[in-house]
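No lab work stands behind these numbers, since they all come straight from the coordinates. No experiment lies behind these values; they were computed from the predicted model shown. Positions of Cβ are backbone-derived with ideal geometry, glycine not excepted, and every protein chain shown enters the neighbour counts.
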Amino acid sequence: MKSNPVQVKAVLFDFDDTLMYVADGRRRAREAVATAVASLHGVSAEEALAMLEYIEGRMEARRSFDRRAWFLDLLDRLGLREERRGEVLGLVKMYWDSWIRYSKPFPDAEQVIKSLRPSHRLGIVANTDGIPGFKMSRMESSGLLHYFDVVVVAGDDTEETKPDTAPFLLAAQLLGVEVENCMYVGDRASDVLGAVAAGMNAVLVGGEDFISLPHIRIETLLELIDELTPASPGPSTTREPRR
């Protein structure tokens, strides 16, 4: 249902799972690391993968995004303390190479961005990958970054990561738009709540369960065009004058 948000002048997007389809990339990245660890150390690839999935959930809940820490934890838990440190950077490279290779923009992402660009300022607010500068480099490889006026990497450009309000407030400041005239579009309820706490309008994309908000929920990015297009006036009830 069209909500007709008032005076939305800027639209800020999350990156992974909002503009970019990364489910295959994430899965392939985990599998590549688990297979490499199994091959190097003679452990079960299935055990390594299950352990890595557990570590991923635990680290993301703590907003710890540095894969170096993830993989050190993995090797520790598998009892590989002596051999571990020399190979961690190689595992990080393998992980992100696989992630990038098998990730791609959602089919409607570029269409939506191009449609909004003439009438709105556009930005990205995304969390760090844990290594300063790496998230920006990864976003540049997507082919989408040139459409955006501002990109804020929370955790690199701000001390706090999303859902803290600081990254959202910085993005609005850099765009020169009041926060109440900004709309944030993301796939995580926690980030949507952060944007709302900062004073923005917010849109949740996809099927993640979340608490009720006085904002918008859509299933695909394409619906955003309709949400940000002014409603057409209904048929006029004014009679034509007699001639």
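A few remarks follow.
- Rg and Dmax of region 1-60, based on Cα coordinates, read 18.8, 60 Å.
- Net charge contributed by nearby residues that have their C-beta within less than 14 Å of Phe134 (K/R +1, D/E -1): -2
- A simple spin-label model places the labels of Thr229 and Tyr147 1.6 nm from each other, with each point 7 Å out along Cα-to-Cβ.
- Whether region 23-101 is rounded, prolate or oblate, judged on the alpha carbon gyration tensor where a/c under 1.5 counts as rounded: rounded
- Charge dipole magnitude, Cβ of K and R +1, D and E -1 - region 94-162, Cα centre, debye nearest 20: 300
- For region 172-181, Karplus couplings with θ = phi - 60° (6.51, -1.76, 1.60), whole Hz, Gly/Pro x: 4, 4, 5, 6, x, 10, 4, 4, 5, 9
- Basic side chains Lys and Arg get +1 at the Cβ, acidic Asp and Glu get -1 at the Cβ, and with that the dipole of region 23-101 about its Cα centre reaches some 300 debye.
- Compared with the direct C-alpha span, the chain from Glu60 to Lys114 gains 16.3 nm at full extension, assuming 0.36 nm per residue.
- Relative protection proxy for 222-228, 152-158, from highest mean packing down: 152-158, 222-228 (other beta-carbon atoms within 10 angstrom).
- Placing a label point 7 Å from the Cα of Lys93 along the Cα-to-Cβ line, the residues of region 14-34 whose backbone N sits under 16 Å from it are 33.
- For the chain, the longest principal axis of the Cα atoms and the long axis of helix 85-101 meet at an angle of about 40 degrees.
- Positive-pole candidate from His146, Gly186, Val205, dipole of region 52-208, charges at beta carbon: His146
- Given charges at Cβ of Lys, Arg, Asp, Glu: region 23-101 dipole, positive-most of Gly86, Trp99, Ser39: Trp99
- Charge dipole magnitude, Cβ of K and R +1, D and E -1 - the chain, Cα centre, debye nearest 20: 640
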